[in-house]
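Read the structure below first, then the notes.
Derivation of every value follows stated rules applied to the coordinates shown; laboratory data play no part. The structure displayed is predicted, hence computed values, not measured ones. So basically every Cβ, Gly included, is an ideal-geometry build from the backbone, and we count neighbours across all protein chains shown.
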Amino acid sequence: MVRVRWGLLCVGVSSVLLLTGCGGEAESEPTVAALPSSTVPTATPTATTVPITTTTTTTTVPVTTTVAPTTTLTDVHFERNESYYFTSPDGNFQCGIIKLPTRTEAGCEGTTTPIPPRPENCMVNWGNGIRVENEGEGAFMCSGGQLYTSGGPDADPVLPAGTPLAKLGFTCTTTATDVSCVNEQTTHGFTVAADSNEVF
């Protein structure tokens, strides 16, 4: 027996239970019915298509490029007794930026053509070298011997083409066939090769 606060439970037919108010209260509760199991709607499973989203992730890997530094020549490579000596890439010229007691100069010695006429006051070798000093334009040399060599047991190192040697106020550069040296302050200098030369 089920107790209901306002009435009795009455049993109906066909195994249907109905709760109804049988008493004399003014209020009435709604009727609750239990339906047979065959009449209870059942949820029919439905297939739901869920779209699959494909995400493509692109990873960019930074490419590291190693650039070889510009060739830097150490002072020790060319320096001898506060001066700097080198050989042209073609081996035709011995050159130097040298510090002398009374001046500093840059010059090269080797065979070049054409050679200007020998000056009357030159009593020794003429036309075997060309140089630029602290003052004045580049010029051919009148000399009694080699100046632009360190005199060491080995040949002076080659100054690679396109690599400047800047020392003592002068800058010398080379190509495969010529050498140029310039006084950085006066901008005077020279360019010399086996078959050409220029002073300025």
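Data table
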{"quantity": "Ranked packing of 92-99, 140-147, 78-85, most packed first, by mean Cβ within 10 Å", "calculated": "92-99, 78-85, 140-147"}
{"quantity": "Long-range amide H partners of Thr104 with built H, under 5 Å", "calculated": "Asn134"}
{"quantity": "Whole-Hz couplings from phi, Karplus 6.51/-1.76/1.60, listed for segment 164-173; x for Gly and Pro", "calculated": "x, 10, 10, 8, 6, x, 10, 10, 10, 9"}
{"quantity": "R0 of 41 Å, Cβ-Cβ distance Asn121-Thr177: FRET efficiency to nearest 0.05", "calculated": "0.80"}
{"quantity": "Protection proxy ranking of 165-175, 114-124 - average other beta-carbon atoms within 10 Å, highest first", "calculated": "165-175, 114-124"}
{"quantity": "Which of Thr102, Thr177, Ser88, positive extreme of dipole for segment 75-199 (C-beta unit charges)", "calculated": "Thr102"}
